[in-house]
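The values are calculated or read from the model by the stated rules, or taken from the named source; none is laboratory data. A quick note: this is a predicted structure, and the numbers were derived from the prediction, not measured. Ideal geometry is used to build each Cβ from the backbone, glycine not excepted, and the neighbour counts take in all protein chains shown. These accessible areas exclude ligands, DNA and RNA; they are computed on the full protein's heavy atoms, side chains included. Shrake-Rupley method; radii C 1.70, N 1.55, O 1.52, S 1.80 Å.
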Amino acid sequence: MHYELKRICIGGIEKIDVNGKEKKTAYYKYPIENTVQLTVTGFVGDQHVYKGHGGVNKAVCLYDYNDYDLWSDYMDIDTEFSLFGENITTVGLDKDTICIGDTFKLGEALIQVTEGRGPCNTIAQVHNVPNIVKMMAASRATGCYFRVLIEGVVAPNSRLELVKKDENGLTLHEFNELVYGDKHNKNLIEKALKVNALPKEHKEKFVKRL
């Protein structure tokens with residue numbers, strides 16, 4: 001099954017003004033115009049400022065375009081850059097469709113969903129919506145991260161193909177429910193612990209709640 005990609009984006013570190021103070025950020029990511037190598041640490045040329053951003057379990061960030069509509073009352077969703085600093089903007093692969101552990105082919109690369117994206121305060125600063133982090137968490141529409149299983153070249157017109165659906169079916173919505181909502185939901189915790197692709201730190205955190 002193939003999913004439409006609205007855009008594939010990368011971005012470098014730049015300085016922006018936040019309430020009169022200078023801030024370094026790599027939030028602004030723009031569509032690639034040429035082929036880009038996707039490695040285990042992310043797209044070549046895509047930068048991060050903070051230690052918690054990037055890494056092998058957060059090599060690629062996804063947000064679905066259909067969920068942009070959730071925020072149309074709060075910000076301009078018609079932007080040249082990816083609205084939430086994501087690398088790939090899909091159409092129709094939202095929080096109730098995508099599952100932790102799902103594996104996809106992107107260009108020549110093979111990528112696997114690892115966890116939900118934790119919204120950060122930069123989103124609030126860029127879009128001037130002070131409560132956006134809490135609202136994204138409450139909506140469970142956070143976007144998600146991937147690890148890269150096989151490195152490869154990705155082109156601007158590359159497609160995203162579902163290669164293997166994780167057998168446990170832990171949706172992004174359910175993952176975020178454990179993070180932001182019913183944190184002691186025994187059934188969801190047991191379901192999450194069966195997902196081999198879920199990073200160790202999350203499993204350790206969840207098992208302590210049983």
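Some points to look at:
- Measuring nothing but protein heavy atoms, the accessible surface of the chain at 1.4 Å probe radius is 47 percent carbon and sulfur.
- Taken along its principal axes, the alpha carbon cloud of region 1-97 reaches lengths of 43, 36, 26 Å, longest axis first.
- With both labels modelled 7 Å from their Cα along Cα-to-Cβ, the Arg209 to Lys15 distance reads 4.2 nm.
- Förster-model FRET efficiency, 22 Å R0, Asn196 and Arg159, C-beta, rounded to 0.05: 0.30
- Remark: the chain carries 49 Å² of accessible area per residue (probe radius 1.4 Å; ligands, DNA and RNA excluded).
- Region 20-73: Rg to Rh, with Rh as the Kirkwood radius over Cα pairs: 1.02
- Taking a point 7 Å out from the Cα of Lys183 in the direction of its Cβ, the residues of region 92-128 whose backbone N falls within less than 18 Å of it are 116-120.
- The antiparallel fraction among DSSP beta bridges confined to region 2-166 stands at about 90%.
- For Tyr30, neighbours were defined as the other residues whose beta-carbon sits under 15 Å from its Cβ, and their charges (Lys and Arg +1, Asp and Glu -1) total -3.
- Calculated FRET value between Asp96 and Glu22, using beta carbons and R₀ = 41 Å, to 0.05: 0.55
- Most fluctuating residue given options Ile123, Ile16, Ile100, as computed from a GNM of the chain linking Cα atoms under 10 Å: Ile16
- For the chain, the 222 nm mean residue ellipticity estimated from helices alone, with every DSSP H stretch of n ≥ 4 adding -39500 (n - 2.57) and the total spread over all residues, rounds to -5000 deg cm²/dmol.
- Alpha-carbon Rg/Rh ratio, for region 2-166, with Rh computed the Kirkwood way: 0.94
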